[in-house]
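Everything on this sheet refers to the single structure shown next.
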Ligand SMILES: Cc1ncc(COP(=O)(O)O)c(C=O)c1O
């Protein structure tokens with residue numbers, strides 16, 4: 001077999017998604033008993049208690065295929081978000097929805113505009129379908145440069161991703177900036193607003209893209225149960241899509257893309273608003289403790305609207321390794337002068353702060 005002839009050449013430059021290091025690997029390397037995996041923006045606690053009970057109750061029914069239309073969950077989400085069912089799509093993680101939207105709309109040589117650095121899956125789906133990535137640098141404050149993103153649009157632009165709040169910087173753009181952007185974005189461009197960290201935001205100036213979603217405008221809004229709801233291991237996300245796009249995605253998704261425990265766990269998670277609020281507040285509080293540690297140690301960082309913080313370092317490789325030796329796994333970005341650390345429980349924060357202090361004592365600075 002001539003594998004080069006067989007496999008689509010668009011895939012040649014792609015590299016597989018690199019997950020963070022496993023805790024077991026780091027335990028061996030560091031000799032520490034407690035390993036904190038703060039590299040994947042996961043929630044430190046398990047799923048909501050009611051979700052766990054509901055999943056346990058459903059395990060003996062896994063001989064059956066899931067409800068392919070996720071009817072109960074979609075109905076619940078529509079009621080919660082005030083959306084019509086024709087606009088609500090659930091997916092195997094919001095990752096799948098990003099890919100399905102790209103697959104539904106991209107033709108070879110189309111252009112896809114997104115900020116950079118941002119979520120690594122945007123360039124991946126762009127390349128996967130033979131389209132061209134147009135990366136627009138963030139401003140010096142780590143915020144999407146919406147004017148530059150508009151300037152990057154042309155007749156070949158098909159798709160534009162906004163990551164709000166942005167991963168990895170945790171930053172948001174303002175309501176005014178978003179409204180000015182929406183007023184100018186060309187009509188032929190589909191704007192996909194990825195709100196994976198939506199639930200962690202407290203800022204009143206944060207524009208919730210769902211408020212601008214009317215089912216007619218070419219805007220899609222994506223969210224996930226992987227973060228504040230702690231269902232990352234189950235893979236479930238959802239999106240508000242204009243009906244023609246929702247129908248296209250429905251045609252190309254796998255017939256049973258969202259498994260039964262995921263559907264049921266997501267449903268029951270939505271019923272427990274006090275637990276959601278408790279997690280939001282705890283995340284906010286732990287983030288301020290981390291900020292005060294960074295301020296004390298002279299570490300520069302972006303103020304984050306998420307459950308992770310992006311901090312600057314002139315020696316990312318050494319700092320990454322030194323934190324590993326302390327049993328703390330953070331996310332690196334190759335040689336970029338920054339690292340990203342997740343927010344954990346109060347106990348996790350105490351360990352994280354002690355780890356940063358000891359790294360500064362060892363390396364002199366971060
Ligand atoms: C910005 C952003 N979008 C989407 C996702 C994917 O989430 P999911 O687990 O729902 O696929 C992530 C996960 O880290 C993310 O950071």
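The values are calculated or read from the model by the stated rules, or taken from the named source; none is laboratory data. Computed from a prediction, not measured in an experiment: that's the story for all the values here. Note that we place each Cβ from the backbone using ideal geometry, even for glycine, and neighbour counts take in every protein chain shown.
For segment 264-306, the candidate set comprises residues that are touching a residue at least 60 places away in the same chain (Cβ under 8 Å) and not in a helix (DSSP H, G or I); within that set, the residue that is farthest from residue 48 (Cα to Cα) is 298. State all residues of segment 335-364 that are assigned to a loop (DSSP other than H, G, I, E, B) and touching a helix residue (DSSP H, G or I) at 6+ places or on another chain (Cβ under 8 Å); if no residue qualifies, say none. Residues satisfying the conditions are 335, 336, 337, 343, 344, 345. If you go through segment 46-83 and pick out every residue that is farther than 26 Å from residue 221 by Cα and either in a helix (DSSP H, G or I) or modelled with pLDDT under 95 (or both), you end up with 12. Taken together, the residues in segment 329-352 that are crowded, with 16+ Cβ neighbours inside 10 Å and closer than 30 Å to residue 173 by Cβ amount to 14.
Of (1) out of contact with any helix residue (DSSP H, G or I) (no Cβ under 7 Å at 6 or more places or on another chain); (2) under 16 Å from residue 253 (Cβ atoms); (3) more than 11 Å from the ligand (Cβ to nearest atom), residue 124 satisfies all except one. Which? Of the numbered conditions (1) out of contact with any helix residue (DSSP H, G or I) (no Cβ under 7 Å at 6 or more places or on another chain); (2) under 16 Å from residue 253 (Cβ atoms); (3) more than 11 Å from the ligand (Cβ to nearest atom), the odd one out for residue 124 is (2).
Listed here are the residues, each with its yes/no results for (1) surrounded by 10 or more Cβ atoms within 10 Å (Cβ to Cβ); (2) touching a helix residue (DSSP H, G or I) at 6+ places or on another chain (Cβ under 8 Å); (3) under 22 Å from residue 226 (Cβ atoms).
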site	(1), (2), (3)
1	no, no, no
9	no, no, no
13	no, yes, no
30	yes, yes, no
34	yes, yes, no
40	yes, no, yes
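For residues that are surrounded by fewer than 21 Cβ atoms within 10 Å (Cβ to Cβ) and in contact (Cβ under 8 Å) with a residue 24 or more places away in the chain, scanning just segment 75-86, find the one that is nearest to residue 251 (Cα to Cα). Checking each candidate, the answer is 86. Within segment 195-211, the residues that satisfy the criterion of being surrounded by fewer than 22 Cβ atoms within 10 Å (Cβ to Cβ), part of a helix (DSSP H, G or I) and either in contact (Cβ under 8 Å) with a residue 24 or more places away in the chain or within 16 Å of the ligand (Cβ to nearest atom) (or both) are 199, 210.
Residues considered: 112, 134, 192. Of these, the only one that is part of a strand (DSSP E or B), more than 16 Å from the ligand (Cβ to nearest atom) and either in contact with a strand residue (DSSP E or B) (Cβ under 6 Å, 6 or more places away or on another chain) or closer than 22 Å to residue 39 by Cα (or both) is 134. Being out of contact with any strand residue (DSSP E or B) (no Cβ under 7 Å at 6 or more places or on another chain) and within 17 Å of residue 218 (Cα to Cα) is the filter; apply it to segment 155-185 and report the residue that is farthest from the ligand (Cβ to nearest atom). By that ranking, first place goes to 155. Summed over segment 217-239, residues that are in a loop (DSSP other than H, G, I, E, B), closer than 30 Å to residue 54 by Cβ and either in contact with a helix residue (DSSP H, G or I) (Cβ under 7 Å, 6 or more places away or on another chain) or in contact (Cβ under 8 Å) with a residue 12 or more places away in the chain (or both) total 11. If only one of 250, 214 is away from the ligand (no atom under 16 Å from the Cβ), assigned by TED's automatic domain parsing to the domain that holds residue 175, out of contact with any strand residue (DSSP E or B) (no Cβ under 6 Å at 6 or more places or on another chain) and assigned to a loop (DSSP other than H, G, I, E, B), which one is it? Being away from the ligand (no atom under 16 Å from the Cβ), assigned by TED's automatic domain parsing to the domain that holds residue 175, out of contact with any strand residue (DSSP E or B) (no Cβ under 6 Å at 6 or more places or on another chain) and assigned to a loop (DSSP other than H, G, I, E, B) holds for just one of 250, 214, which is 214.
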